[in-house]
Amino acid sequence: MTDKLIIFDTTLRDGEQSPGASMTKDEKLRIARQLERLKVDVIEAGFAASSNGDFEAVQAIANVIKDSTICSLSRANDRDISRAAEALKGANHSRVHTFIATSALHMEKKLRMTPEQVLEQAKLSVRFARNLVADVEFSPEDGYRSDMDFLCRVLEAVIKEGATTLNIPDTVGYAVPELYGNFIKTLRERVPNSDKAIWSVHCHNDLGMAVANSLAGVKIGGARQVECTINGLGERAGNCSLEEIVMAVKTRRDYFGLDLGIDTKQILAASRLVSQTTGFVVQPNKAVVGANAFAHASGIHQDGVLKARDTYEIMRAEDVGWSTNKIVLGKLSGRNAFKQRLQELGVQLESEADINLAFAKFKELADRKSEIFDEDILALVTDESVTHAQEQYGFVSLSQHSETGERPQASIVFTVNGQEVKSASDGNGPVDASMKAIEAHVKSGAEMVLYSVNAISGSTESQGEVTVRLQNSGRVVNGVGADPDIVVASAKAYLSALNKLQSKADRVAAQG
Ligand code: KIV
Ligand code: ZN
């Protein structure tokens, strides 16, 4: 057993399964770069066999990321495994992660296979994968609800076939900490060759216990890999949150006694990037990365912190990337200061031309907003015009009129494949009018299932960040837009969601 805890990030695979969170190849690449700066040990970049888009994203990440191991998920069949290995060819360190369900319920109702067939399939798949790559992870899906004797047989067999990591998912978030910890411990004690593989935990958050269960798997069960996502992103209530696991193990090193390879100062930038890319807003009271995580509101606490910081603070805000200097840049800041701040925030733009474009956008924003915060800069560099997205729809300009007692009107100019079009509509409010104006021209027929506005940096001078979730023909996508004018931010978010709806993605669900 080693004393290092391996951090396996699955934001780009399990996280992406959240409604509307599917990301483009470029978005995934940006996040992968940030995960590398964060120094995560393993990046699960996607599920290569699920779609051509996912294959290309895994391939692009494998070709670019050099330090972290790049992993692709695959079902337990030769085609999926070959696709995964093929996509990973360019990686310095690659891993194939293959899975098959082992609970009686999943085997009978979903797979319609007998336990003996599942055992055989698991063995064959790991054997096949080991012929292609040296690093093979095996997951018994719904492992926590599987029969212990059967699971031990499967795990023993796949280790014999060469599995190097065994991951035990609590797929439906049913576990409680003590029971899950003991489940892992029992497996490790009963599987005769358990010392030949690294044990990993993978917990979902349906009962709000994903982090606690994962920590119990580590402490009681002796697992040495945790699978997690930035901001706890994931289907339903999400996955185990990376920032919480990492800061728990670091802050309570006295208890866990484990080392981590993570550069915790990159946590906040990763959190913001994932939130702005996927449109999943971080709640203010979220541990570690929420806006209030280090804000002391009560007088007693403020007084205590001023006298001695550790009276009420168990972690330092700077250690997870919060900046002590809140006001970052302004109208008079030059290109060099802007470029340096980008570097400090861990943002890497592709070329000098991209920096110039981002700087021009920064100047435009600084003309309208006297203080520019880190959040503004991060919103700006995730803007589609800076991220090279070749999108069908692009925002140009908007005017709207609203007055008490009158029905609001909006008129918008936007591009459709580079051609400017103008459209107008009225609506219940200016936001509604601007969205109706877009829809009057586009006629997507999509249903809006979520609309949310968030002030990026807290005051009325702040940029509004809007998330729009659209649903059409069974597809769900999130669009994000930021602007000091929330009607403009809303229109940008709507166009961004329409762009995502346009990109065809025939995906195979990982747990389908
Ligand atoms: O939750 C789960 O079971 C999974 C597996 C595919 C590893 O994500
Ligand atoms: Zn999962």
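Looking across segment 37-79, the residues that are more than 16 Å from CYS228 (Cβ to Cβ), open to solvent by 30 Å² or more (accessible area, probe 1.4 Å) and not hydrophobic (A, V, I, L, M, F, W, C) come down to ARG37, ASN52, GLY53, GLU56, GLN59, ASN63, LYS66, ASP67, ARG75, ASN77, ASP78, ARG79.
So that you can scan it fast, the table gives a plain yes or no per residue for (1) within 15 Å of ligand 2 (Cβ to nearest atom); (2) more than 19 Å from the chain's Cα centre (by Cα); (3) open to solvent by less than 30 Å² (accessible area, probe 1.4 Å); (4) outside the structural domain of TYR174 (by TED's automatic domain parsing):
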| residue | (1), (2), (3), (4) |
| --- | --- |
| SER194 | no, yes, yes, no |
| ALA197 | no, yes, yes, no |
| SER200 | yes, yes, yes, no |
| ASP206 | yes, no, no, no |
| ASN213 | yes, yes, yes, no |
| ILE220 | no, yes, no, no |
| ARG224 | no, yes, no, no |
| GLU227 | yes, no, yes, no |
| ILE230 | yes, no, yes, no |
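Considering only residues of segment 362-373 that are open to solvent by 60 Å² or more (accessible area, probe 1.4 Å) and among the charged types (D, E, K, R), which is modelled with the lowest pLDDT? So the residue we want is GLU371.
Scanning segment 232-266 for residues being more than 12 Å from the chain's Cα centre (by Cα) and assigned to a helix (DSSP H, G or I) gives a total of 15.
Any chance segment 455-467 includes a residue that's open to solvent by 40 Å² or more (accessible area, probe 1.4 Å), under 25 Å from LYS363 (Cβ atoms) and touching a residue at least 12 places away in the same chain (Cβ under 8 Å)?
yes
The rows are residues; the columns are (1) open to solvent by less than 20 Å² (accessible area, probe 1.4 Å); (2) in contact with a helix residue (DSSP H, G or I) (Cβ under 6 Å, 6 or more places away or on another chain).
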site: GLN121; (1), (2): no, no
site: GLU141; (1), (2): yes, no
site: ARG145; (1), (2): no, no
site: VAL154; (1), (2): yes, yes
site: VAL158; (1), (2): yes, yes
site: GLU161; (1), (2): no, yes
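Taking residues in segment 136-159 that are of a type outside the set (A, V, I, L, M, F, W, C), and partners anywhere that are at pLDDT below 95, the pairs with Cβ atoms closer than 8 Å and at least 6 places apart or on different chains are GLU141/GLN511. Counting only residues that are within 16 Å of ligand 2 (Cβ to nearest atom) and more than 9 Å from the chain's Cα centre (by Cα), which one in segment 1-17 is most open to solvent (accessible area, probe 1.4 Å)? Per the criteria, the residue is GLN17.
Please go through segment 493-512 and give me each residue that is open to solvent by 30 Å² or more (accessible area, probe 1.4 Å) and either modelled with pLDDT of 95 or more or closer than 18 Å to SER50 by Cβ (or both), ordered by number. Let's see the steps before the verdict.
Step one: filter segment 493-512 for residues open to solvent by 30 Å² or more (accessible area, probe 1.4 Å), giving 502-509, 511-512.
Listed by number, the residues that qualify are SER503, LYS504, ALA505, ASP506, ARG507, VAL508, ALA509, GLN511, GLY512.
The values are calculated or read from the model by the stated rules, or taken from the named source; none is laboratory data. This one's a predicted model, so the numbers in the text were calculated from it and none came from an experiment. Note: ideal-geometry Cβ built from the backbone for every residue, glycine included; neighbour counts use all protein chains shown. All accessible areas refer to the heavy atoms of the entire protein, side chains included, with ligands and DNA or RNA removed. Shrake-Rupley method; radii C 1.70, N 1.55, O 1.52, S 1.80 Å.
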